[in-house]
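Reviewing the structure listed below.
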Ligand code: PXP
């Protein structure tokens, strides 16, 4: 299982004072040196995390891969086509939310999402759709030529009882198996941390996990190198 690091929270800290530090680009480059398999950033319409300068510098400097999370809106599609990330992950975006709250409803928004995938494919950019572990959503993602799905793990991460966590894990396992069977790549993320990753990492059909909050928060206490290496040790070999 590969591990990509979401560095949006570093940009949030920088933006809090409208100054230059901490620079999410420097942070991402160091995380690469410490062994992450890629960097994830979310360019929001309100630019509350990273901005276009960050995105363009990351594109120029990263040695691993750049996964751009974004909403299916034309302004950001145009930026993506210009910057050429290695992957675009389409996510739902609401201005008032603290973080992405759940998967895309691919079925109800099929035309808009299909048109976005087509535009990104025309620019040779592979596309992943962030979805719930729901077979119908996954089948629809495949129908409109998504290359990858990213399974939302927030329900698993926030489960209040062991039984609920187990049930959701099973749902994720089945969804990942189905997605693989129909030819999709399978990523996963949201709310994964140093504790819940232990049960999660054994799901064999998941290619990659995308983690932000837990690793950035831990790096405040123990430093980025240790925070990244501890997570890599927990996830295990690729
Ligand atoms: N995947 C997606 C699609 C996300 O929106 C986020 C949060 O930005 C993550 C993964 C990472 O979530 P967390 O910060 O909770 O690890």
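Assorted remarks:
- Within segment 128-183, the only residue that satisfies the criterion of being touching a helix residue (DSSP H, G or I) at 6+ places or on another chain (Cβ under 6 Å) and free of Cβ contacts under 8 Å to residues at least 12 places away in the same chain is 159.
- Looking only at segment 1-14, and only at residues there that are within 21 Å of residue 85 (Cβ to Cβ) and free of Cβ contacts under 8 Å to residues at least 60 places away in the same chain, the one that is farthest from the ligand (Cβ to nearest atom): 14
- For segment 149-156, the criterion of being assigned to a helix (DSSP H, G or I), within 12 Å of the ligand (Cβ to nearest atom) and surrounded by 13 or more Cβ atoms within 10 Å (Cβ to Cβ) is satisfied by at least one residue.
- Residue selected from segment 186-231 under the condition over 16 Å from residue 153 (Cβ atoms) and crowded, with 16+ Cβ neighbours inside 10 Å, by the criterion nearest to the ligand (Cβ to nearest atom): 216
- Residue that is surrounded by the most Cβ atoms within 10 Å (Cβ to Cβ) [pool: residues in segment 65-98 that are assigned to a loop (DSSP other than H, G, I, E, B) and free of Cβ contacts under 8 Å to residues at least 40 places away in the same chain]: 71
- Residue in segment 17-26 that is crowded, with 18+ Cβ neighbours inside 10 Å, assigned to a helix (DSSP H, G or I) and within 16 Å of the ligand (Cβ to nearest atom) present: yes
- Of the listed requirements (1) assigned to a loop (DSSP other than H, G, I, E, B); (2) surrounded by fewer than 22 Cβ atoms within 10 Å (Cβ to Cβ); (3) touching a strand residue (DSSP E or B) at 6+ places or on another chain (Cβ under 8 Å), residue 48 misses just one: (3).
None of the figures in this text is laboratory data; all of them are computed from the coordinates on show. In this text the structure is predicted, and so the values were computed from the model without any measurement. As a convention, Cβ positions derive from the backbone with ideal geometry for all residues, glycine included, and neighbour counts pool all protein chains shown.
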